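This report concerns only the one structure given below.
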Amino acid sequence: MAAVGILFIVIPMTWACTPQKADYIMVSCFPNAIIANVPECPYGWEIGQLSLGGVCYTGINTPGFYRFTIPDLTPKNNSYCGTLSEYVGGKDPRYIFYNSIVSNDSSLTVRNQPVNYTFSCTYKAAYLVNNAVFSQRVATVYVNNGSLGSFKSQLSMNVFTNSKFLYAKDAPYVIDTSEIGSEVFIGIEAKGLSNRFKVVITNCWATPTPYSTDRKRWILIQNSCSLDNTVTIFENAKDSRSMFKFNSFRFQRLEKVSTVWLHCEVQVCDGDKLFCQPTPCTSRSTESEPDPNGGILTMEFQVRAQHSSSYIHPAGPFLCLLSIFLLNDVLEYFSW
């Protein structure tokens, strides 16, 4: 007698998410990336049904939001996930990057209201069309909160004179080699938003090149915890400004006039919708991998020696001159 086998295939049931009003969007125009956050499950659409530019289903489901990122703002690459760029010349040259988050359902019947968040970021270009450079220390954040109106904020990283963080220093910020190890006070502030929005510093590190991806780096803050023993975090994720300090440094075995770049990954958190405070550092390992969820701001540090012989710090890297990029402003606009 032939044996008869029966195979049962259990297909998991997919439950629709709880629909929310789609009258909220936050767009962050960082120097090297654009990050757009829309409410989780807008009008019933799930993350797999929303695409960037109608091309890329690359959204990430974060607590309370769907996040879409355009990581490449190279003007020559005007096609990342449907991103379009426009160069506007003249005395004040600008680049404008356009894209949208749209719903797409391939089923026969559609019961959810379609959504289309169209947004753009405008950057002042410092150089010619083939060699555009955007301000590295400034970003702009736009929030549209439906009937409550729209809010625009400039997010910037500055050097302050002392731990009171009252007065920002002008560029170039110079520390001679004789002042190696002196304290540098960094403040990152969002102006123009209500107190519900919190500035969160996630990661900060230094590299000997302008590239934040450089593998040669010195980590100062990781997952909102200090990894360098000279770092003191005064405020983080409590209001619209976060501050910390570290002792000045540069990388060893470089010439007496050299450059170091400080990169900080930052995000603006809506305190009315999310719990913005990082997990206490004592309850988790700072050796865990960095959690990238924000945009990057960058400052330039240079080493300048007055004397022919350079001082060598036995502990490793140290810094002497901080020159902040003040190349341009960042603007943006979005609608749907």
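The values are calculated or read from the model by the stated rules, or taken from the named source; none is laboratory data. These figures come from a predicted structure and were not determined experimentally. A quick note on method: Cβ atoms are made from the backbone with ideal geometry, for glycine too, and the neighbour counts reach across all protein chains shown. For the accessible areas, the whole protein counts, side chains as well, though only heavy atoms, and no ligand, DNA or RNA atoms are used. Shrake-Rupley method; radii C 1.70, N 1.55, O 1.52, S 1.80 Å.
Overview of results
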item: Filter result for Trp205 (more than 15 Å from the chain's Cα centre (by Cα) and open to solvent by 10 Å² or more (accessible area, probe 1.4 Å)); result: no
item: Hits in the range 35-65 (condition: open to solvent by less than 20 Å² (accessible area, probe 1.4 Å) and more than 26 Å from Thr122 (Cβ to Cβ)); result: Cys41, Gly44, Trp45
item: Residue within the range 23-34 that is surrounded by fewer than 17 Cβ atoms within 10 Å (Cβ to Cβ), at pLDDT below 90 and either more than 24 Å from Ser156 (Cβ to Cβ) or assigned by the TED database to the domain that holds Cys121 (or both) present; result: yes
item: Test result for Asn229, over 17 Å from Leu193 (Cβ atoms), open to solvent by 20 Å² or more (accessible area, probe 1.4 Å) and free of Cβ contacts under 8 Å to residues at least 60 places away in the same chain; result: yes
